[in-house]
There are 2 protein chains.
Amino acid sequence: MPQRHFTKSERTAFYDVIGARRDIRHFIPGATIQPDTLARLLAAAHAGPSVGLMQPWRFVRITDGDVRRRLHAVVEEERVRTAHALGERSDEFMRLKVEGVLDCAELLVVGLCDDRERHIFGRRTMPAMDLASVACAIENLWLAARAENLGMGWVSIFSPADVAAILSMPPGAQPVAMLCLGPAQSFPDRPLLEIEQWTTARPLDDFVSENRWA
Amino acid sequence: MPQRHFTKSERTAFYDVIGARRDIRHFIPGATIQPDTLARLLAAAHAGPSVGLMQPWRFVRITDGDVRRRLHAVVEEERVRTAHALGERSDEFMRLKVEGVLDCAELLVVGLCDDRERHIFGRRTMPAMDLASVACAIENLWLAARAENLGMGWVSIFSPADVAAILSMPPGAQPVAMLCLGPAQSFPDRPLLEIEQWTTARPLDDFVSENRWA
C-alpha cells in the first residue's frame with residue numbers, strides 16, 4: 001500500500017491503541033491465543049524498522065512447560081537480587097507483581113542475533129542501535145497485542161547468561177526480553193507502577209526543549 | 001479508556017499503519033508540520049513504555065537553521081567515515097541517500113537523559129533497557145507520523161559526542177537519534193535499502209523457533 005492515506009477516524013483509533021497500551025502482569029490463567037492472532041503479532045514485530053535493514057531480532061516461542069518454569073525461576077532469582085540492590089525499598093519492591101511468566105497464554109523470548117559485528121551501516125559509532133531496532137519491533141508487537149485486545153508485559157528482570165543457557169543461544173546472541181502475552185485481567189487506566197505508588201510519571205513538558213538540552 | 005475494545009476494522013487500520021511505515025529520507029523541502037500535529041506526535045512518544053517507568057527520553061526540537069546545519073555537518077562527516085569502514089562497498093554506500101536532515105519539515109534530536117544509574121528496576125543486569133525504552137517511544141512517534149500521513153527517518157549516522165557538544169548535553173546524557181519529520185515525497189512499498197539493492201530482507205520464518213534457539 002504505497003500511498004495509503006489515513007483518515008481522521010483511523011488516526012483516532014490508532015492513538016487510542018497508543019494510549020490504551022499497558023505493561024500487563026495480570027493474565028487470565030489457562031487462556032490461549034489463536035495461532036492466526038499470534039502470527040499477526042509476530043508479523044507486526046517483523047515489520048518493524050531495523051538499522052541498515054539488518055533485522056537483528058529472533059523470537060523463541062516457549063511451548064514446553066518445563067522450559068517456561070526454568071525461565072520463571074531465573075526471573076524469580078533476579079527479582080530477589082534486584083530487591084537486595086534496591087536497599088531501603090526492597091520490601092516494597094517484593095510486594096509488586098512484576099511479571100506474569102507462569103500465567104500468560106504465550107511466552108516469547110526475544111533476542112539479538114549473533115554475528116552482528118559485520119553490520120556497520122548506522123551503527124559504526126553506536127553499535128547498540130541493533131538493540132534499538134529490536135525494541136522497535138517489540139513495541140510494534142506490543143501495540144498489535146493491544147489492538148487485538150490482548151495484554152503484554154515486557155520482563156527484563158533476568159540474568160541474560162542464564163536465559164541464553166536455557167535456550168542454547170550461540171555466543172554473541174543475547175536475550176533482551178521475555179514477552180508475556182494473553183488475555184489480561186484488565187487494562188488499567190494508568191501505569192501499574194503509578195497506581196501502586198512506586199513512582200510518579202512526569203509530564204511531557206519536562207522532556208522537551210528547543211535547540212539545546214535544557 | 002481502561003477497557004477500550006478494538007474492533008476488526010480498527011485493527012485493520014492499525015495494521016495498515018504498521019505495514020505502511022517506512023524510513024523516509026526524501027522530504028518535500030519547505031513544508032511544515034502544524035504545531036498541534038507535532039504535539040500529538042510527541043505525546044505518542046511520551047505514551048511509550050519505559051523500564052521501571054523511568055521515562056529516560058529527552059526531545060530537542062531544532063528550529064535554529066544554524067544548529068540544523070551544524071548537525072547535518074556531523075552526519076556528513078560520519079557518512080564518509082562509514083563509507084571508509086565499509087571497504088569495497090564504500091562507493092555504493094556513498095550513492096545511497098541516507099538522511100533528509102536539511103530538507104525535512106521538523107528535526108528532533110532524541111537523547112537518553114543523564115543520571116540513569118539510580119534506576120535499577122528492570123535494568124540491574126541489562127542497563128541498556130533505558131535505550132530500549134527510548135526506542136519504543138521513537139517507534140510510537142514513527143507510527144503516529146505515518147498515521148498523520150507524514151514521513152519520518154531515524155538517522156543514527158553521527159558521532160554522539162559531537163551532537164552532545166552542539167546541544168550542550170550534560171555528562172551522562174547521550175543522543176540516540178536525529179528524527180527527520182515531514183511530508184514525504186512518497187511512501188515506497190518496500191524498504192528503500194531493498195529497492196536500491198543494498199540488501200534483501202529475510203522472511204519472518206527465518207527468525208522464529210520453538211523452545212530453543214535455532
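The values are calculated or read from the model by the stated rules, or taken from the named source; none is laboratory data. Everything numeric here is computed off the predicted structure, so don't read it as measured data. For neighbour counting, all protein chains shown are included, and Cβ atoms are generated from backbone atoms with ideal geometry for every residue, glycine included.
Points to keep in mind about this one:
- The residues on offer are B:A165, B:A173, B:A137, and the sole one that is without any contact (Cβ under 8 Å) to a residue 12 or more places away in the chain and either under 21 Å from the mean Cα position of the chain (by Cα) or more than 9 Å from chain A (Cβ to nearest Cβ) (or both) is B:A165.
- Residues located in region B:1-24, provided they are basic (K, R) and surrounded by 15 or more Cβ atoms within 10 Å (Cβ to Cβ): B:R4, B:R11, B:R21, B:R22
- Inclusion of A:A45 among residues that are farther than 29 Å from B:D206 by Cα and buried (at least 19 other Cβ atoms within 10 Å of the Cβ) is not warranted.
- Checking A:A184 against (1) under 13 Å from the mean Cα position of the chain (by Cα); (2) under 23 Å from B:F6 (Cβ atoms), the condition it does not meet: (1)
- Residue in region B:60-78 that is surrounded by 18 or more Cβ atoms within 10 Å (Cβ to Cβ) and in contact with a Gly (Cβ under 8 Å, 6 or more places away or on another chain) present: yes
- Hey, A:S159 at pLDDT 95 or above, at positive phi, surrounded by fewer than 24 Cβ atoms within 10 Å (Cβ to Cβ) and facing chain B (nearest Cβ under 10 Å) or not: no
- All positions within region B:54-92 that are in contact (Cβ under 8 Å) with a residue 60 or more places away in the chain, at the interface with chain A (Cβ under 9 Å from one of its Cβ atoms) and not in a loop (DSSP other than H, G, I, E, B): B:W57, B:R58, B:V60, B:V67, B:E78, B:T82
- For A:I120, the criteria (1) closer than 25 Å to A:T37 by Cα; (2) in contact (Cβ under 8 Å) with a residue 60 or more places away in the chain hold in every case but one, which is (1).
- Summed over region A:195-213, residues that are exposed (fewer than 15 other Cβ atoms within 10 Å of the Cβ) and more than 7 Å from chain B (Cβ to nearest Cβ) total 7.
- Filter result (within 9 Å of chain A (Cβ to nearest Cβ) and either touching a His at 6+ places or on another chain (Cβ under 6 Å) or in a strand (DSSP E or B) (or both)) within region B:110-128: B:G111
- Lone qualifier among B:R116, B:R58, B:R123, B:R70 - being basic (K, R) and more than 19 Å from A:A132 (Cβ to Cβ): B:R70
- All told, B:R22 falls short of being within 28 Å of A:R190 (Cβ to Cβ), of a type outside the set (A, V, I, L, M) and touching a residue at least 12 places away in the same chain (Cβ under 8 Å).
- Within region A:35-48, the set of residues being without any contact (Cβ under 8 Å) to a residue 24 or more places away in the chain and within 16 Å of the chain's Cα centre (by Cα) comprises A:A43 only.
- Any hit, region A:25-34, residues being at the interface with another protein chain (Cβ under 9 Å from one of its Cβ atoms) and either in contact (Cβ under 8 Å) with a residue 40 or more places away in the chain or surrounded by 18 or more Cβ atoms within 10 Å (Cβ to Cβ) (or both): no
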